[in-house]
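K.L.:
First the structure, then my questions, so here it is.
FYI, it's all coordinate maths here, none of it is from the lab. Remember, predicted model here, so these are calculated numbers, not experimental data. For neighbour counting, all protein chains shown are included, and Cβ atoms are generated from backbone atoms with ideal geometry for every residue, glycine included.
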């Protein structure tokens with residue numbers, strides 16, 4: 001008869017959460033944090049000190065969180081219990097490390113494809129926006145209004161989508177918001193056929209709301225990966241924008257010809273493409289985001305308890321926004337967006353005033369788009385290996401340099417180089433800031449806070465677009481560039497100050513927090 005003491009114990013969900021193999025106690029292949037203490041239920045070892053939210057594990061235990069506010073590592077918010085069980089149990093028992101890795105890769109791949117299709121649809125519609133608005137409104141004064149409606153719809157949609165993702169889960173929350181994009185594309189296309197401006201503007205706002213869910217997808221990819229892989233996960237999804245920026249404009253001509261063959265105005269053509277591509281996104285999300293990314297995020301949080309705030313329940317948004325590191329992450333994305341938008345939207349008009357051909361204008365804008373997306377994989381890897389704050393600081397410096405370069409000459413080459421670096425600097429700040437924000441939030445807080453972050457980004461994009469036009473008309477293009485330069489170097493100074501002050505206060509970082517800094 002076999003001695004029970006010699007039998008191999010069956011792995012429990014908790015041991016899997018701590019990255020321990022059932023057969024020999026070795027670490028599993030899925031990246032795990034440094035050695036954990038023994039399971040308190042087994043009676044071995046002393047329960048370790050839990051660092052307070054926003055601190056490193058290596059800090060002295062002088063400033064600790066009250067015991068009644070810190071849950072055990074295996075505790076999760078009550079409303080998330082079912083989601084955790086779906087990860088720990090799966091369909092055929094507890095999910096292992098390889099299962100989690102495969103699920104994370106599948107989710108990231110799905111979100112990349114959705115981002116590619118959705119951004120192509122949005123860019124196809126945006127390409128003809130000014131022309132449609134001028135024709136429907138009877139004046140070129142309406143040319144910029146659809147873009148403003150798109151940005152405002154995206155700002156409102158980001159917050160709505162973030163709230164829905166917290167309530168319904170990531171998969172259903174994204175799917176519901178994508179329906180707005182589908183309906184908006186249909187309404188905008190019908191409005192062009194009917195010659196109605198007002199519903200066209202409403203349709204563009206709805207497309208913006210649908211597009212906002214695709215922007216939030218970068219955070220969904222981040223939360224299903226360990227902290228040291230979040231930058232790469234975010235950059236993988238952002239790369240979908242590069243695919244869309246190439247595919248979207250290519251759809252305009254062929255779809256316009258198809259519309260003419262069907263007896264409609266050629267300006268109707270891009271909207272069926274936008275409609276179909278948003279449906280593709282919707283199907284991808286419903287089919288590919290299984291299990292729900294929120295479930296995997298909770299499991300990652302259990303495996304890496306030192307890499308996220310230890311809170312008994314989701315904090316209120318106001319409390320979260322009082323955290324300096326959260327403010328720095330949001331400020332990074334907001335300020336870098338203002339710098340990018342102010343220069344980007346007015347450069348075409350600046351070149352037109354210097355009698356450049358439309359092909360030259362397109363070349364400069366293409367160089368900017370290339371800089372925005374083409375190097376996402378590099379910025380993501382740097383954010384993971386080098387650290388979030390160094391990448392943000394580099395991005396802010398590149399933004400300031402770009403703003404200076406465009407003042408040197410109104411010729412095509414200096415403007416193309418400057419706009420390329422403007423896109424590259426924005427990318428570093430966007431990927432680094434998104435990764436940094438994801439590090440500061442518990443799973444139950446992420447979608448709502450990240451939605452608020454994208455609400456701010458959309459709002460300041462609309463304000464920056466309007467402000468750049470006013471400054472340009474009164475003071476000229478170089479003044480717009482100087483204002484952008486001041487904002488960029490102000491962001492760099494803010495990041496550098498926060499980095500230095502924090503390093504003096506905290507000291508050496510723990511293995512989990514190195515990537516976050």
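K.L.:
Under 19 Å from a point placed 7 Å out from the Cα of residue 359 along the Cα-to-Cβ direction: which residues of the stretch 400-439 have their backbone N that close?
P.N.:
411-417
K.L.:
How much length would be gained if the chain were fully extended between residue 257 and residue 98, taking 0.36 nm per residue of separation minus their Cα-Cα distance, in nm to one decimal?
P.N.:
Details: separation 159, 0.36 × 159 = 57.24 nm, distance 4.85 nm.
In short, 52.4 nm is gained.
K.L.:
Okay, next question. Could you tell me the center-to-center distance, by alpha carbons, between the stretch 324-372 and the stretch 141-188 in angstrom?
P.N.:
23 Å
K.L.:
When the convex hull of the Cα atoms of the stretch 233-311 is projected onto a plane and the area is averaged over all directions, what value comes out in nm²? Don't skip to the end; give the middle numbers.
P.N.:
Working: hull surface 30.1 nm².
Average of the hull's projected areas for the stretch 233-311 equals 7.5 nm².
K.L.:
Would you compute the Debye intensity of the stretch 78-305 from its alpha-carbon atoms alone, equal scatterers and no solvent, and pass along log10 I(q)/I(0) at q = 0.08, 0.16, 0.17 Å⁻¹ to two decimals?
P.N.:
Relative scattering, expressed as log10 I(q)/I(0), comes to -0.32, -0.99, -1.08.
K.L.:
Still on this structure, please answer the following. Rounded to the nearest 0.05, what FRET efficiency is calculated for residue 352 and residue 139 with R0 set to 22 Å and r the Cβ-Cβ distance?
P.N.:
On the way: r = 18 Å, r/R0 = 0.82.
The calculated FRET efficiency here is 0.75.
K.L.:
Next question, about the same structure. In whole angstrom, note down how far apart the Cα centers of the stretch 214-262 and the stretch 458-496 are.
P.N.:
27 Å
K.L.:
So what does the Cα-only Debye profile of the stretch 316-517 read at q = 0.17 Å⁻¹, as log10 I(q)/I(0), no solvent term?
P.N.:
-1.08
K.L.:
At what distance in nm do the modelled label points of residue 179 and residue 409 sit from each other, each positioned 7 Å from its Cα along Cα→Cβ?
P.N.:
A separation of 5.5 nm, rounded to one decimal place.
K.L.:
Just to be sure I understand the curve: with the Debye formula and one point per C-alpha of the stretch 437-496, what is log10 I(q)/I(0) at q = 0.13, 0.15, 0.16, 0.19 Å⁻¹?
P.N.:
Each listed q corresponds, in turn, to -0.53, -0.65, -0.71, -0.84.
K.L.:
A further question on this structure: Given the peptides 429-439, 107-117, 158-168, arrange them by the average over their residues of other C-beta atoms within 10 Å, most packed first.
P.N.:
429-439, 107-117, 158-168
K.L.:
Taking just the alpha-carbon atoms of the stretch 138-251, what radius of gyration and Dmax come out, in angstrom?
P.N.:
16.0, 53
K.L.:
For the peptides 474-480, 247-253, what is the packing order when you average, over each peptide's residues, the other Cβ atoms within 10 Å and list the highest mean first?
P.N.:
Descending packing order for the listed peptides: 247-253, 474-480.
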